[in-house]
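Okay, so here's the structure we're looking at.
The values are calculated or read from the model by the stated rules, or taken from the named source; none is laboratory data. Treat the numbers as computed from the prediction; the structure is a model and nothing was measured. Positions of Cβ are backbone-derived with ideal geometry, glycine not excepted, and every protein chain shown enters the neighbour counts.
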Amino acid sequence: MKEEQNHFIKNIEIKNFKCFENFSAEGFGRVNLIGGKNNVGKTAFMEACYLANTETRQKRLKQIIKNRYLIDIFTDLYAEIGTQYIDNFLEREKKKYTIDINIDIKTNEMLFKSSNKVSDKVFDLLYGTIIDNELEQKLDTILYNFDKNISKFRIKESKAHCQSNGTFYHINELGEGLNQYIAFIILLLTHKNAILFIDEIENGIHYTNLDKLWEIILTISKEQNVQVFATTHSKECIESYARVAKKLEDEEIGFIELGRENNEITSIVYEYDEIINQVEQHQDIRGW
């Protein structure tokens, strides 16, 4: 194992967490894509990784619930009564479960990007980290390479805007896919040596842009030494992932295929050569 990758998750054991009764998997890479049928546990797998640290578990579980159930219009309501509701929810849902991974994550930064669009408030905070790290120009260049119609991303009056043909538009006018893309690119650019979880990575991204998406993620994750786990339902997304990894000769990838066997969740973890071979042989590896 490379010294600088000691913080990467390489294996996991999950007992009695959501749909996982007795699950284990190993052999993860720097960038990992997770496939499987609906309700097989793709998101739950990432949540288990995110919750592995018992000391921060309750705080992170609250964050997961917020990400999954709240959108912009509920932000103020959550501030008033949501905290109490979530505390009560956690108390009712307590049960004994264990999650073990190969690393001590007390000092590791973990970031969870849900499939929900990002609010102006969150973008305002994220862009602050871009300014602090003097990465405005780099972010603009990455956006332009992804979409030649977008030249800049800025926060104006605490709201997220993108410049197109010389005019700034609120990000909601330009599609949900761009919202998602900018969010996890900022997370990658501003968090070295972290672990990033992205739910439904292809959400809102047209299939013709998937190669650009994976090229950016594979490149920046390597520069920043960030481990990535992402879920997908999309055959095109899996094919693009393998195609771009082969083009970049990036062998630090993995594909985790989840399925049900005797009513229990199990998995196959493919390393670089295996995932390239499966895709080039037109095998369907989206779960069973």
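Segment 141-255 holds strands (runs of 3 or more DSSP E) entirely within its bounds, and those carrying 1 or more residues that are farther than 29 Å from Cys49 by Cα and in contact with an Asp or Glu (Cβ under 8 Å, 6 or more places away or on another chain) map to 152-156, 159-164.
Tell me the residue from Ile217, Ile201, Ile205, Ile195 that is in contact with a His (Cβ under 8 Å, 6 or more places away or on another chain), closer than 26 Å to Gly41 by Cα and of a type in the set (Val, Ile, Thr), please.
Ile195
What pairs come up if the first residue lies in segment 6-35 and is over 14 Å from Tyr241 (Cβ atoms), the second is in a loop (DSSP other than H, G, I, E, B) and basic (Lys, Arg), and their beta carbons are under 6 Å apart, counting only those six or more places apart or on different chains? Every condition considered, the pairs that remain are Phe28/Lys10. Looking across segment 117-140, the residues that are aliphatic (A, V, I, L, M), at pLDDT below 95 and part of a helix (DSSP H, G or I) come down to Val122, Leu125, Leu126.
With respect to the conditions (1) under 21 Å from Tyr50 (Cα atoms); (2) hydrophobic (A, V, I, L, M, F, W, C); (3) not in a strand (DSSP E or B), Ile275 lacks only one, and its number is (1).
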